[in-house]
1. Within the stretch 516-537, can one find any residue that is more than 22 Å from Asp463 (Cα to Cα), in a helix (DSSP H, G or I) and touching a Ser or Thr at 6+ places or on another chain (Cβ under 8 Å)?
2. Please count how many residues of the stretch 161-206 are in contact with a Leu (Cβ under 8 Å, 6 or more places away or on another chain), more than 12 Å from Asn249 (Cβ to Cβ) and of a type in the set (Lys, Arg).
3. Quick one: Lys440 ticks every box in (1) modelled with pLDDT of 90 or more; (2) not in a strand (DSSP E or B) bar one, so which box is it?
4. Quick check on the stretch 1-43: of everything there that is aromatic (Phe, Trp, Tyr) and surrounded by 11 or more Cβ atoms within 10 Å (Cβ to Cβ), which residue is modelled with the lowest pLDDT?
5. Any residue in the stretch 595-621 that's closer than 15 Å to Thr541 by Cα and without any contact (Cβ under 8 Å) to a residue 40 or more places away in the chain: show its pairings with residues that are open to solvent by 50 Å² or more (accessible area, probe 1.4 Å) and part of a strand (DSSP E or B) at Cβ separation under 8 Å, as long as the two are six or more apart or on different chains.
6. Restricting attention to the stretch 507-551, which residues are closer than 21 Å to Lys610 by Cβ and either open to solvent by 10 Å² or more (accessible area, probe 1.4 Å) or in contact with a Cys (Cβ under 7 Å, 6 or more places away or on another chain) (or both)?
7. Limited to the stretch 361-392, what total is found for residues that are open to solvent by 50 Å² or more (accessible area, probe 1.4 Å) and in a strand (DSSP E or B)?
8. Looking only at the stretch 566-576, decide whether some residue is at pLDDT below 90, of a type outside the set (Val, Ile, Thr), out of contact with any helix residue (DSSP H, G or I) (no Cβ under 9 Å at 6 or more places or on another chain) and open to solvent by 60 Å² or more (accessible area, probe 1.4 Å).
Amino acid sequence: METNKQNECEFLYKLMNNAHIGWWIADLKSETYFCSDFVTRLLGLDETRTISFQDFNSRILKEDHNHTNSLSFHELQKTIEEVYLLGTIQGNIWVRSKISYQETDEEGYIKIYGILETQDGPRIASADQALQNSERILHNIYKNLPVSIELYDKNGNLIDLNKKELEMLRLVSKENILGINIFKNPVLPEEIKQKLKDHEDADFSYRYDFSKINGYYKSETVTGGIDLMTRVTTLYDHSHQLTNYLLINVDQTENTIAYNKIQEFKSFFDLIGNYAKVGYALFNIQSRKGYALDSWYKNMGEKKGTPLAEIIGIYSHFHPEDQARLLSYFPEILNGNKNQVFTDVRICREDGNYSWTRINAIVRDYRPQDNIIEMICINFDITELKETEHKLIKAKEKAEEADRLKSSFLANMSHEIRTPLNAIVGFSSMLLETTNKEEKLEYANIIEKNNQLLLQLISDILDLSKIEAGTFDIIMEKIDARQLCHELVQTMQLKAKPNVELRLAPNLPELSFISDKNRVRQVLLNFITNALKFTMEGNITISYQTDGKTAKFSVQDTGIGIAPEKQQSVFNRFVKLNSFISGTGLGLSICQSIITQLGGEIGVKSELGKGSCFWFTHPLN
């Protein structure tokens, strides 16, 4: 039996030598190789048959040192099999070194066993070396690629991932995640899983939320997330059989944060633009391209998102005058004669009304030779500003008019007050001097008439003051319309001229309503008084009618009438159509204020030479 073992050992020894194969043992504790006789002779070792890792590494030619320049055996033997050019006592020889197995000794140290063989020819060795180099390059690319890669087997189990994937998932080692099944991934969208099952490729973006892992793998992070752009594809062998699933992930978190910040700034700027009614646009006149904020479109009366080329240079919503003026600027801008436009324009809105927009545009980049004439266009809505300006102008005009009317009023009041006072004082003196009873009676009547004129004047001034001060009192009570009109006829009948008949319209309906009786009486009395002044013959008719909701009162006369151009002004303050007839010109203005406060309307219908009809309405509810 011993002879057979000896023969077997000699056979193996002879076989390995003739095959140019030897063995080695790597001792990681002492960092040395213990070699067979073949390797010992090849390297020229002494009787100890050992060589240090450092000494062995130094014999590998420089072109391979980039793979084996460390004292560590793990760095020397990165893969199970290596091919390199080795310096020996027989010259430079291509060798193949391969790990066979490893074991741990009684002291807990690892020993690795392997074989080494020389190559018969440089051509085969070169091909192997080239293949090894390609594999190393590919491995380094795979390992250090700045995008993460996940490789799954055909059943969906993770078999490998690169360094970037570990960083993105915040893992220390692969062992924490290898073996997980992609179809059980709680973070991956279900529609993507279905595409994988259907062997379809897909590109998608999603939020990888660590809080949803729920024990899917051992993770050191349970909060937060990253934004991923992912490409998922299936791999096949030469027989078109599914072999792997490949996922390539790109971390878009920084881009997403930057995009969100831009969107937040845009939203903030839009908010400011909408609040301040300020718009912004950038436009290249040559290329007809640009962009604008939503508020810019709004200020121009255009729909959001309309291409700027369909707005600038067309201005379809501008007032024709403003449109022509703005278009006239373009030739000057194109020729370089003008680099700024500042103007106010009127914008026609959907309801047909016009608003105001102020446009301020400047040429930022003028390079027509490069097809660039770039303008910054800023606009803002100045409708309120224009309205305020208009109100200020109206207020100024009103103040000037008030000042003029004040002077006119004072002059008129001076005349109106002095006239009855002069009559009262003068005829009072004459009343004392005369002894004729008829003359005394006539003088007394004149004094009484002027007393009434003076009292009416003072009453009108007091009413006007109350209206101006906002203290005009309204006392509501039930009114019988027919009785009120009848009382007015009875009261004013004596003041009518001999050829003038003051009457009620026939067949007046029964009418009761709630209002301020004194104010309604005051308006009707003013209408009748004016009719009596301007009617020399004919009649004055008081009437009213109702439709169940509104009552309409009117005083119709056959007097001199009012010219059409003066009819609108008769209700203005201090207006007197005939300065030779007594009165302050305040009565109709006061009437208009009274009727307005009672919720009605007032007006006049007149024809010159044929008479006038003054009317007002009053709500019955």
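The values are calculated or read from the model by the stated rules, or taken from the named source; none is laboratory data. Computed from a prediction, not measured in an experiment: that's the story for all the values here. Neighbour counts run over all protein chains shown; Cβ positions are idealised from the backbone, glycine included. Just so you know, the surface numbers come from the protein's heavy atoms only, side chains and all, with ligands and any DNA or RNA stripped out. Shrake-Rupley method; radii C 1.70, N 1.55, O 1.52, S 1.80 Å.
1. yes
2. Looking only at that region, the number is 1.
3. Checking Lys440 against (1) modelled with pLDDT of 90 or more; (2) not in a strand (DSSP E or B), the one that fails is (1).
4. By that ranking, first place goes to Tyr13.
5. Partner pairs satisfying both residue conditions: Lys605/Trp615.
6. Thr529, Asn530, Leu532, Lys533, Phe534, Met536, Glu537, Gly538, Asn539, Thr541, Ile542, Ser543
7. Of the residues in the stretch 361-392, 6 are open to solvent by 50 Å² or more (accessible area, probe 1.4 Å) and in a strand (DSSP E or B).
8. Yes, there is a match, as at least one residue in the stretch 566-576 is at pLDDT below 90, of a type outside the set (Val, Ile, Thr), out of contact with any helix residue (DSSP H, G or I) (no Cβ under 9 Å at 6 or more places or on another chain) and open to solvent by 60 Å² or more (accessible area, probe 1.4 Å).
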